[in-house]
């Protein structure tokens with residue numbers, strides 16, 4: 001049977017619809033799995049001068065801490081990686097009141113039961129302001 005006779009209009013439209021649907025699905029999956037390189041959703045913005053050296057500026061409503069460690073701005077989530085409780089600043093570390101996990105100011109685990117470090121957010125210091133983004137720091 002010649003090719004021209006074997007492809008009906010209905011068959012062509014079905015194949016075209018499947019192709020277009022697959023292309024949209026692939027694009028959506030790509031966007032979901034690929035983090036944004038620039039910008040992104042802003043969690044918060046604060047004046048650089050308000051961020052203490054060696055300590056943390058806590059934003060409880062955003063569950064975020066902004067710190068300046070050795071002159072470098074860092075922002076991290078205050079959500080414990082064990083079971084999701086909110087950690088609190090305890091001197092020079094973060095402590096989880098629920099199950100006792102302890103984290104260093106850089107987010108590393110000092111004491112479990114948590115095994116993963118606190119999530120670090122992308123932060124940018126520009127023109128005297130620190131902007132914290134919802135994406136992970138690279």
| request: Filter the stretch 72-87 for residues that are more than 17 Å from residue 121 (Cα to Cα) and surrounded by fewer than 14 Cβ atoms within 10 Å (Cβ to Cβ) and give the result. | output: 83
| Index of the failed condition, residue 103 passing every other in (1) touching a residue at least 60 places away in the same chain (Cβ under 8 Å); (2) over 15 Å from residue 44 (Cβ atoms) | (1)
| So which residues in the stretch 32-67 are modelled with pLDDT under 85, within 19 Å of residue 93 (Cα to Cα) and either in a strand (DSSP E or B) or under 13 Å from the mean Cα position of the chain (by Cα) (or both), if there are any at all? | 53, 56
| request: Residue by residue through the stretch 98-113, note down the ones that are modelled with pLDDT of 90 or more and within 19 Å of residue 62 (Cβ to Cβ). | output: 103
| query | Has the stretch 115-122 got any residue that is farther than 26 Å from residue 41 by Cα, in the same structural domain as residue 77 (by TED's automatic domain parsing) and surrounded by fewer than 14 Cβ atoms within 10 Å (Cβ to Cβ)? | reply | yes
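The values are calculated or read from the model by the stated rules, or taken from the named source; none is laboratory data. Please read these numbers as outputs of a predicted model, since none were measured by experiment. Quick reminder, even Gly has a Cβ in these numbers, built from the backbone with ideal geometry, and neighbours come from all protein chains shown.
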